[in-house]
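**Student:** One structure coming up, written as structure tokens, with questions to follow.
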């Protein structure tokens, strides 16, 4: 069996179990939109969508190309583009039957005009800015504009939604946003506007503010086994992704030797140093230089010196039995009795967990596991189903 120098393990069984837990935590009539933008947070959008297909109702992406990638892979569930698209992208949105976000009157008119001219009716979901301060209509302007949008020929108002900026840290503000949003919905319904679907709950809101569940939830991070920051999942979801590597060299370094670029670390004792073939070129954060840890032989070991583009050095002096080249290294996940979570890495790097996931380079192969066996393998060379040479 060939040994890879570094790889991700994506456990599709864990993903499915997480989705079952999420499904069981909401009312039966609540739909699920699974967020698979940014290549499913680095997990692989196509493989994740195919595995999740029977457990969700929608997939959410951020760009037109992300939607096209899913459709070309024959993912048939409805797809909502959650971020605004450019006007020049309207023809491909309409012609491929994607639902898309409307955040301005001008865009609504443009997409309606194109769709009507083609004899189509495109589904749109209108975004309401109840406190995110990013995109969408403010509630004060939304009443009249959404009423007008609902009457445009060429578009079908499929839903209204809002987004929460602090559902992980401030449930009171989240509830205020929810009340603001639902008041607007009631006003619009009193005007005769048909709104088939209202939705607002991201992963943190799904877990902490049940009144946000409404008619559809939009889990992202939660489906992959995590919650933002230091939140503790109320559901026993488990991480879907592990990141592993192998020692490519083990060296004995004398006391007083400087390590890596910039000479930012000098050994204070005779040191057994391991070289791991992972660096910022793989998406492993440079800010873990002299700060982060990896797991070797079931023990956390410190990174010494700067993380380089292709290699990172660790101190193996206290690990027994003595590590050897080819031994497994865990960057993220469990190694015997030790664990490093994505939140650990994010904390050491001074960023958020989303950035860690989204930053993992395509040069890191993804292995997809089901039933404890490799179902597929994806590298820079493409996807190889039923790969057995890893």
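**Student:** Pairing the Cα long axis of helix 171-190 with the longest principal axis of the chain, what angle in degrees results, from 0 to 90 and rounded to the nearest 10?
**Tutor:** 30 degrees
**Student:** If I fit a long axis through the Cα atoms of helix 139-149 and take the longest principal axis of the Cα atoms of the chain, what angle between them do I get, 0 to 90°, rounded to 10?
**Tutor:** In the chain, helix 139-149 runs at an angle near 60 degrees to the longest axis.
**Student:** Right, something else. Would you order 369, 331 from fewest to most other beta-carbon atoms within 10 Å of each residue's own beta-carbon? Write out the running numbers ahead of the final one.
**Tutor:** Working: 369 17, 331 25.
With the sparsest Cβ surroundings first, the list reads 369, 331.
**Student:** What whole-number distance in Å separates the alpha-carbon centres of the range 304-326 and the range 227-251?
**Tutor:** When both Cα centres are located, 19 Å separates them.
**Student:** Also: Of all the Cα-Cα pairs you can form in the range 241-359, what percent are over 20 Å apart?
**Tutor:** Values: 2483 of 7021 pairs.
Summing the P(r) tail past 20 Å for the range 241-359 gives 35 percent.
**Student:** Next question. How many nm is it between the label spots at residue 324 and residue 87, if each spot is 7 Å from the Cα in line with the beta carbon?
**Tutor:** Modelled inter-label distance: 6.7 nm.
**Student:** Based on the Cα coordinates of the chain, what is the per residue volume of their convex hull in Å³?
**Tutor:** Values: hull volume 58.0 nm³, N = 390.
Residue-normalised Cα hull volume stands at 149 Å³.
**Student:** Roughly how many Å is it from the Cα centre of the range 327-373 to that of the range 178-210, as a whole number?
**Tutor:** 35 Å
**Student:** Given a 10 angstrom Cα cut-off, can you work out which residue in 330, 250, 307 is the most mobile in a GNM of the chain?
**Tutor:** The residue with the greatest mean-square fluctuation here is 250.
**Student:** Another one. Taking 25 °C and 0.890 mPa s as the conditions, I'd like the Stokes-Einstein D for the range 12-224 in µm²/s, using the Kirkwood hydrodynamic radius from alpha carbon pairs. Mind dumping the intermediate values first?
**Tutor:** Values: Rh = 17.4 Å.
Here the translational diffusion coefficient equals 141 µm²/s.
**Student:** What whole number of Å gives the distance from the Cα centroid of the range 142-173 to the Cα centroid of the range 31-110?
**Tutor:** Taking the Cα centre of the range 142-173 as reference, the centre of the range 31-110 is 17 Å away.
**Student:** I'd like the FRET efficiency for residue 380 and residue 68, computed as 1/(1 + (r/R0)^6) with the beta carbon distance as r and R0 of 22 Å, rounded to 0.05.
**Tutor:** In this case the efficiency is close to 0.60.
**Student:** With bins 5 Å wide starting at 0, give me the P(r) of the range 328-390 over every alpha carbon pair, in whole percents.
**Tutor:** Per 5 Å bin, starting at zero, the Cα-Cα P(r) for the range 328-390 comes out as 4, 15, 18, 20, 21, 14, 7, 1 percent.
**Student:** Still on this structure, please answer the following. May I ask for the angle, rounded to the nearest 10°, between helix 105-117 and the longest principal axis of the chain, with both axes built from Cα atoms and the value confined to 0 to 90°?
**Tutor:** Taking the Cα atoms of the chain, the angle to 105-117 is about 70 degrees.
**Student:** DSSP beta bridges in the chain, what fraction antiparallel, as a percent rounded to 5? Spell out each step's value before the answer.
**Tutor:** Details: 39 of 69 bridges.
Of the beta bridges lying entirely in the chain, close to 55 percent run antiparallel.
**Student:** Give the order of 243, 58 when sorted by the count of other beta carbons within 10 angstrom, beginning with the fewest.
**Tutor:** Listing 243, 58 from fewest to most nearby Cβ atoms yields 58, 243.
**Student:** Would you mind calculating the gained length between residue 117 and residue 170 on full extension (0.36 nm times residue separation, minus the Cα-Cα distance), in nm to one decimal? It would help to have the intermediate numbers written out before the result.
**Tutor:** Values: separation 53, 0.36 × 53 = 19.08 nm, distance 4.56 nm.
Taking residue 117 through residue 170 to full extension adds about 14.5 nm, to one decimal.
**Student:** Which order results if 77, 189, 244 are arranged by neighbouring Cβ count within 10 Å, fewest first?
**Tutor:** Numbers: 77 16, 189 11, 244 22.
Fewest-to-most ranking of 77, 189, 244: 189, 77, 244.
**Student:** Please list, in order, the residues from the range 89-105 whose amide nitrogen is less than 20 Å from a point placed 7 Å along the Cα→Cβ vector of residue 138.
**Tutor:** 102-105
Since every read-out is calculated from the coordinates, none of them should be taken as a lab result. Every value quoted in this text rests on a predicted model; they were computed, and no experiment measured them. Virtual Cβ from ideal backbone geometry, glycine too; neighbours counted across all protein chains shown.
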